[in-house]
Structure formats: structure tokens, C-alpha cells
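Report on the following structure.
Bear in mind that the values in this text are calculations on the coordinates, not laboratory data. All values derive from a computational prediction rather than experimental measurement. We place every Cβ from the backbone using ideal geometry, glycine too, and count neighbours over all the protein chains shown.
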Amino acid sequence: MTQQTYRKMWETLDLDLDAHDGLLEVLGKFYGDIYLSQQGRLAGAEYLDFVLSEIHGLRILELREAQAAGRKIVGTFCVFVPEEITIAADAIQVGLCAGAEAGTEQAEQIIPRNTCALIKSFVGFKMAKICPFTESCDIVIGETTCDGKKKAYEAFNELTPTYVMEVPQTKSKAALELWKSEIRRYIAKIEEVTGNTITAEKLKHGIEIANAKRRVLQRLTKLRAASPAPISGRDALLINQISFYDDPERFTTKMNELCDELETRIAGGQGVVDKNTPRLLLSGCPMAVPNWKLPYVTESAGAVIVGEESCIGTRNFRDLVDESGTTLDEMIDALAERYMQIDCACFTPNTERLENVTALAKDMRADGVIHYSLLFCQPYSHEAMKVDKALQDQGIPMISIETDYSMEDVEQLKTRIEAFVETLE
Amino acid sequence: MIAGIDIGSRSMELVVLENGTPVHSRTLPTTFDPLSQCEELLDGIKPSAVVGTGYGRELVKKILERLHPQCPVSTVTEIKAHALGAVHWFPEARAVLDIGGQDTKAMSIKDGRVLKFEMNDRCAAGTGKFLEYTAGVFQIPVDEFGAYALKGDKAPDISAMCTVFAETEATSLMAQGHRPENIALGLHKSIVKRTRNMLGRVGLSSPLVFTGGVAKNPCVLSLLKKELGAKARLLVPDEPDMTGALGAALSALA
């Protein structure tokens, strides 16, 4: 596909073409430095490179073509929005851009300055008109996971139609009932947007597709427990990021191929790093594309990342939806129960996360954990202290990092991560 | 002859070891031309190995490539360097506090190994830079600022953590008629309070070795002793600002 076709498409989407060119240039350079410079990558990484190089090109074209054929595009920012239902309504769900500093000045005109980088980023991307995904959406589905997002969606709704799902804040029975009703409310909404009716058969199909995606990500996680690490943390993070915007069935197929290759590598004792390289688990806030700062700093400091305990990581795929239901009601119950297992820091209490982080660190044979909170993210900053204590009790060292998307603290981060790695050697 | 070089934001230090013992040390301001400053620091030194630490640790490699291309160069972080340096002077050390030009580090150590550490992030609150900046408001050289503050007897609360806001706060306290010595004391207290919290987060153990240029400030030292109470033993090496460079050199022996 030629660049001219893309430019026309971006024009139709009313992107700010100059600013968008600037973004693509930075993204390309970043990707070159952080990804393409890696040694001994998998052949399967070609898919990652291709998807990323076409992130604003071919994938958008696919979405536009689907739209022309009558399908709807649903944008999200959270793992609570049930993709099963979106698929059942024959719509396409994509995770929206929220991982780079963009349109910050504009965003700060409608949301407070002391808002986390992720929220500022999605508002900024919209206001600066540089995200073709955001511009392609027929509807954006928000959720009430934290106060920052909750209030930001009010402002976002002024810019683009935004529908908000109420995520409960506890795991009580009443909370489960609330979430069930929210799932039903979303079904009604998506049926209205798409004009399609969700039947048991369609929802079963949606569940199968979403579960298949989760299974392949679970498979990847299991393989990463091998030593030496068979894949870099950067590539694994990218896989998790891509899982939010590529076609789910294609993604699953490609990732199963990549996992086959990993199995061969592991059988041959091959890894991307030396066996003695310190293994680290990332835990905390999600890292949306192209937020690769911390993984890059970490893997440049002589360590390898073996897992991501985050929404763009295990929180997205650890739990499957029970597939035994046959009626719509049974499936909705199964969906609600699955989603309520998510150990998001917005819940109180959220003790299961402490157990999950510790167990994951052990399963992945991690030597230490980097807890990552975005500046101004109250829920995860609070939990950083709890996670630290829980890990300490198990003799697993942890370092707590608080940062954002800017590059001004890269040198300080390097020092801290290098020092942390030194303590593990 | 092993050389340890610590390039910090305000100053750079060199320590030379012979048979594991420091035989020579030197310091220069970092300035905006750290490369030439470091070259001058190494003037007349013919090391067999060099270890760099501090924010400018990567610069050390560059300089050695030019001066002594055959000489092996490595780097360690200032965390590890300060721990090794502190333990060299005080083998019984269980915690280290380093307040340098631009950052503050607190660490707990055991048998010379760092167990846990904390560093201030991007902001210079509670560091040597804070003292230098606020001393400027009083038109007093930073070396004399501690002694000046010790003349105070009643410190007003300074709550601003930001260096710039602290200046604003100090100015408004002056306008309210507070004695300048007292305001200076208040500024020192605010550093110690911040430091105490950081030490608390790494699990304050005793004895605590205080390193870095700010350990030479008598007011910070006296307030910190008071703050820690009788239970914690506070130890200060003769040349606290040389600890990083010494530790870097020692790391080559390990």
C-alpha cells in the first residue's frame, strides 16, 4: 500500500498531518533504537515489526474497510471492557493510544495538570488529532476504574461520544450484581450502536475468540519461565500491546507460531541473554504503546524482564471465561465472574493482587521486581508499598519506580535500575 | 594503582589506591566542561585500572579512551560505590546516607552489600543544591551556611519541598520579621526531616554512615543526630565527599 493512500486516509480522518508526521518519525526512531537494535530476535518478531510499522497504516485501512462494510469500531482504555460482547455484536474493539506525551498543553486546558500521563495522553492524542485509531472510533467505552479516568471521560465525552461502564470498587456480592447489570447495559448499548442483536451463539463465539487470545498469552508467559530467557521483555511487552489493537484471530495464530519457535529455542537451551542475567518482573501500571522507557532502561542495565504484572500483561489474560454456559444468562454470569477476578488497584481491599504478584515472581523465577507507578496514580502508588512488604516477606527484592512518559528522568532511572541490578548480582 | 573517579553534578573526586589503601585524593568542580576537568583531575596519574561512578560515570570511559587507551575502565553506580566506601571506613556500618550536590541516597547494608535503597527522583529538594541555592538568598558562601544556621535558636517551619518554593517561603518569613539565622536553621531542619523519611523507608539501621559533601555541614549533622536520637550511631568519615570515588576504586578489587 502506498504512502499516498495512507495520507488520503489520514486526511479523511481529519488528522493534523504535520503533527502526525512528527509522531511517526519519533515512533520510528524509537522503535529502531529500542527494538530493531536487539540481537538474536525471534523470526516471529517479524510480525511484530510489521504490525508496528503499519500501526497507523494497514491496520487503520482494515478498520476503515470494515466500517465501510457496516461494522462499528469501539475504542477502549481498560481491560474491563468485555471484548466478548463487542465481538458478539460484530464490532471491532481496539485499545486506544495512551502511551506517549502528545498534546499535553491542549489536554491541560480541560483536565488538571496533576493527572497521570496515561490520561493526559489519551486526551492529548484526541485534542492534537494525531491518533487515527481514536479518530476511527464510532464510540469510546470508558470505565470508572479511578477518579482521574472517571472525570476525564466527562471531558472526553465533549470531544467524542463516550459511554462509561461503572466498575465496582469492591468484590462483594452486590458488586458482582452491579457488574452483571453493567454488562447487560453494555450489551444494550452495543446493540443500539451496531444494530445487531447479541444471541447466545454469537456471544459464545465472542468468548471463544477472547479466550483463545488469552490462552496464547498464557502460553507465552509459561515459556518465559525458561532460563535463559528465550525472549526479551521488550518484545513480550510489545506482544501484549499489540494484543489490544490487532485482529484477535490473526494475533492468536501469529502468536502460536511464535510460541512454537520459542519452544524450539528453549529445547535447544537458547536464550536472548546469558543464563546468569538477573531476571526481573515488572509490576504495576499498564505500559501502553509506545511507552517502552522503563523496559528499555532495565534491559540496557544488564537485566532481562520475564513478566509484566499489569493490565498490558497478566491482568489482561490470567483468567479465562468459563465456556460451559449455553444460554445468554449463563454466559453473562460467567463473563461477570471472570472480570471480577481482575486484581485492579481500584478495588478495596485488593489483597489477591499481593498473592498474585508473589506467585508470578516465583513462577517466572524472577530475582527481583520493579514496581512501576505512573506519577499521580494514587491506586498503584499506594499498592507499591503493600506489594513491597508482601515481596519482602517472601525474600524477593523490589524497587519502586514512579515516573511518566517524559525523558527528563532517564539518567536517574538508569542509576536506580543499575543499582538495583547490582544488588541482585 | 587503581583510580576511582566520582563525577557528580557539582564536583568530581578522584581517589587512588595502592595495595588496597587510599594514597591520594583530589577534587575539582564539575563545571560545564566535565571532560577537561576530569582530564585535569587525572593529571600525573598513571592508573592500572579505573572505575567511574556518579552521573558522569560514562564520561570516565570517554576520557580514558583518550588518555590511557590500554587501561581497563568499568563503572559502578554511586549506590554501590558509597556502600563500599562507607564500609571501608566503618566495617560495622548498617546504613548509609549520602547527600550530594543533586541527590540524596539512603541505603541499608549488610556485610557490605546493599539490601535496599531510596533516592530522590528528578527534584533537587533536600540536597546540596538546595543548601547552595538557599545560602545564596542569605548571601553566605555555602561552606559557612551550616555554622550560620547553628546561631539560630527557634526555627520556623519550612514546609515547601521544592527549592524554589522554599526560597519564596524564606522570603515571606523574613518579611514577617523572623531572624535570618532562625530561617536558615528552619531550612536545614527541612532537609533533615526529608532525609529522616527516606531513611525510614529503607529501614533505618545503626550505625549509620553519613557521606557526601553535605556531611561536612555542621548544622545538618547536629540536627540529624538529634533527629535519630540516642539509639542510632551516626558516623562521619574524615573526607565524606570522597566516599563515592573511594568505593568505585575499591570495587575493582572485589
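With Rg and the Kirkwood Rh both taken from Cα atoms, where does Rg over Rh land for the stretch B:92-236? Don't skip to the end; give the middle numbers.
Details: Rg = 14.9 Å, Rh = 15.2 Å.
We get a ratio of 0.98 for the stretch B:92-236.
What is the set of long-range amide H partners of A:Tyr163 at a cut-off below 5 Å, with H atoms built 1.01 Å from backbone N?
Distant-sequence amide H within range of A:Tyr163: A:Val140, A:Ile141, A:Gly142.
What are the residues whose amide H is under 5 Å from the amide H of B:Thr104, where those residues sit 5 or more places off or on another chain and H is modelled from the backbone?
Here B:Asn120 satisfy the definition.
At 222 nm, what helix-only mean residue ellipticity would the protein assembly as shown give, in deg cm²/dmol to the nearest 500, using -39500 (n - 2.57) for each DSSP H run of four or more?
-15000 deg cm²/dmol
Considering only DSSP beta bridges with both partners in the stretch B:92-236, what is the antiparallel share in %, to the nearest 5? Present the calculation step by step, with values, prior to reporting the outcome.
Numbers: 11 of 17 bridges.
Taking every DSSP beta bridge with both residues in the stretch B:92-236, the antiparallel ones total about 65 percent.
Report, as a whole number in µm² per second, the diffusion coefficient that Stokes-Einstein gives for chain B at 20 °C and 1.002 mPa s using the Kirkwood radius over alpha carbon pairs.
Details: Rh = 18.5 Å.
The calculation lands on 116 µm²/s.
Classify the stretch B:1-127 from the C-alpha gyration tensor, please: rounded if a/c falls under 1.5, else prolate or oblate depending on whether a/b exceeds b/c. Intermediate values should be presented prior to the final figure.
Working: a/c = 2.10, a/b = 1.31, b/c = 1.60.
It is oblate, given that a/c is not under 1.5 and a/b is not larger than b/c.
Which value, in debye to the nearest 20, gives the size of the charge dipole of the stretch A:3-168 about its Cα centre, when Lys and Arg are +1 and Asp and Glu are -1 at the Cβ?
On the way: 15 positive and 25 negative charges, 22 e Å.
Rounded to the nearest 20 debye, it is 100 debye.
Over the Cα atoms of the stretch A:203-350, each weighted equally, I'd like the Debye log10 I(q)/I(0) at q = 0.10, 0.11 Å⁻¹, rounded to two decimals.
Taking Cα atoms of the stretch A:203-350 as identical point scatterers yields -0.39, -0.46.
With a sphere of radius 13 Å drawn around the Cβ of B:Ala166, what net charge do the other residues whose Cβ falls strictly inside it have (Lys, Arg +1; Asp, Glu -1)? Before the final figure, lay out each step's value.
On the way: positive: B:Lys129, B:Lys189, B:Lys193, B:Arg194; negative: B:Glu132, B:Asp157, B:Glu167, B:Glu169.
Spelling it out: positives minus negatives among the neighbours equals 0.
Ordered by residue, what ³J(HN,Hα) values in Hz, to whole numbers, does the stretch B:126-139 give under the Karplus form 6.51 cos²θ - 1.76 cosθ + 1.60, where θ = phi - 60° and Gly and Pro are x?
x, 10, x, 4, 4, 5, 4, 5, 6, 4, x, 4, 8, 6
Under a GNM of chain A (C-alpha, springs under 10 Å), which listed residue has the highest mean-square fluctuation: A:Ala175, A:Ala336, A:Ala303?
A:Ala175
Taking 29 Å as the cut-off for C-alpha to C-alpha distance, list the pairs among A:Lys120/B:Lys116; A:Lys386/A:Lys414; A:Lys414/B:Lys231; A:Lys171/A:Lys362 that go past it. Write down the numbers at each step before the final one.
Values: A:Lys120/B:Lys116 33 Å; A:Lys386/A:Lys414 24 Å; A:Lys414/B:Lys231 35 Å; A:Lys171/A:Lys362 26 Å.
Going by Cα-Cα distance, A:Lys120/B:Lys116; A:Lys414/B:Lys231 fall outside the 29 Å limit.
Which residue, A:Thr252, A:Thr12, A:Thr415, has the most motion in a Gaussian network model of chain A that connects Cα atoms within less than 10 Å?
Its mean-square fluctuation being the largest, the pick is A:Thr12.
Around A:Glu323, under 10 Å between beta carbons, what's the net of Lys plus Arg minus Asp minus Glu among the other residues? Please list the in-between numbers first.
Details: positive: A:Lys204; negative: A:Glu208, A:Asp322.
Local net charge: -1.
Note the per residue figure in Å³ for the convex hull of the C-alpha positions in the stretch A:3-168. Walk me through the numbers on the way to the answer.
Numbers: hull volume 23.5 nm³, N = 166.
Value for the stretch A:3-168: 142 Å³ per residue.
Taking amide H positions as placed 1.01 Å from N in the peptide plane, with prolines and chain starts having none, which residues 5 or more places from B:Val209, or on another chain, fall under 5 Å of its amide H?
Hits under the 5 Å cutoff: B:Arg94, B:Ala95, B:Val96, B:Leu97, B:Leu235.
Starting from the stretch B:22-128, pick out the chymotrypsin sites (Phe, Trp or Tyr not before Pro) whose DSSP state is loop and whose Cβ has at most 14 other Cβ atoms within 10 Å. Kindly include the intermediate steps, with their values, before the conclusion.
Details: sites: B:Phe32, B:Tyr55, B:Trp89, B:Phe117; in loops: B:Phe32, B:Tyr55.
Here the chymotrypsin sites (Phe, Trp or Tyr not before Pro) that fit, given the DSSP loop and packing criteria, are B:Phe32.
Select from A:Met127, A:Asn196, A:Ile183 the residue farthest towards the positive end of the dipole of chain A; place +1 on Cβ of Lys and Arg, -1 on Cβ of Asp and Glu, and compute about the Cα centre.
Farthest along the dipole direction, towards plus: A:Ile183.
When N is the residue count of the stretch A:140-196, what does its C-alpha Rg come to as a fraction of 2.2 N^0.38 Å?
Details: Rg = 12.5 Å, N = 57, 2.2 N^0.38 = 10.2 Å.
Normalised by 2.2 N^0.38 Å, the Cα Rg of the stretch A:140-196 equals 1.22.
Which whole-number percent gives the relative contact order of chain B, counting Cα pairs below 8 Å spaced six or more residues apart? Before the final figure, lay out the partial values.
Working: 546 pairs, mean separation 63.2, N = 254.
Answer for chain B is 25 percent.
Any chance you could check the Cα centroid distance between the stretch B:186-245 and the stretch A:96-111 for me, in angstrom?
41 Å
Roughly speaking, what % of Cα-Cα pairs in the stretch B:147-230 are separated by over 16 Å, rounded to a whole number?
So the portion of pairs separated by more than 16 Å is 54 percent.
Can you list the trypsin sites (Lys or Arg not before Pro) in the stretch A:1-33 that are in a DSSP coil and have 11 or fewer other beta carbons within 10 angstrom?
Working: sites: A:Arg7, A:Lys8, A:Lys29; in loops: none.
Those that pass, being in a loop and sparsely packed, number zero.
In chain B, once you exclude exposed trypsin sites (Lys or Arg not before Pro) (DSSP loop, at most 11 other Cβ within 10 angstrom), what's the longest stretch remaining?
Details: sites that count: B:Lys154, B:Lys231.
With a cap of 11 other Cβ atoms within 10 Å, the longest stretch comes to B:1-153.
Per the Debye formula with a single identical scatterer at each Cα and no solvent contribution, what log10 I(q)/I(0) holds for the stretch A:25-121 at q = 0.14, 0.20, 0.24 Å⁻¹?
-0.79, -1.16, -1.18
Give me a single rounded figure for A:418-425: the average over its residues of other chain Cβ atoms within 10 Å of their Cβ. Could you put the intermediate results ahead of the total?
Numbers: counts 7, 13, 5, 1, 10, 11, 0, 2.
Average neighbour count from other chains, rounded to a whole number: 6.
Between the stretch A:361-414 and the stretch B:16-53, how many Å separate their Cα centres?
35 Å
Projecting each Cα onto the charge dipole of the stretch A:3-168 (Lys/Arg +1, Asp/Glu -1 at the beta carbon, about the Cα centre), which of A:Gly95, A:Met165, A:Leu61 comes out farthest on the positive side?
Among A:Gly95, A:Met165, A:Leu61, the one farthest towards the positive end of the dipole of the stretch A:3-168 is A:Met165.
Report the per residue volume, in Å³, of the convex hull enclosing the C-alpha atoms of the protein assembly as shown.
So the per-residue Cα hull volume is 180 Å³.
Can you classify the stretch A:120-274 as rounded, prolate or oblate using the Cα gyration tensor, where a ≥ b ≥ c are the square roots of its eigenvalues, rounded means a/c under 1.5, and otherwise it's prolate if a/b beats b/c and oblate if not? Could you put the intermediate results ahead of the total?
On the way: a/c = 2.02, a/b = 1.66, b/c = 1.22.
The shape class here is prolate.
For chain B, find the longest principal axis of its Cα atoms and tell me its angle to the long axis of helix B:78-89, 0 to 90°, nearest 10.
Once rounded, the angle reads 90 degrees.
About its Cα centre, what dipole magnitude does the stretch B:92-236 give when the only charges are +1 on Lys and Arg Cβ and -1 on Asp and Glu Cβ, stated in debye to the nearest 20? List each step's numbers first, then the result.
On the way: 20 positive and 15 negative charges, 125 e Å.
Charge dipole of the stretch B:92-236: 600 debye, to the nearest 20.
Roughly how many debye, to the nearest 20, is the charge dipole of the stretch B:169-221 about its Cα centre, given +1 on each Lys and Arg Cβ, -1 on each Asp and Glu Cβ, and no other charges? Before the final figure, lay out the partial values.
Values: 7 positive and 2 negative charges, 35 e Å.
Charge dipole of the stretch B:169-221: 160 debye, to the nearest 20.
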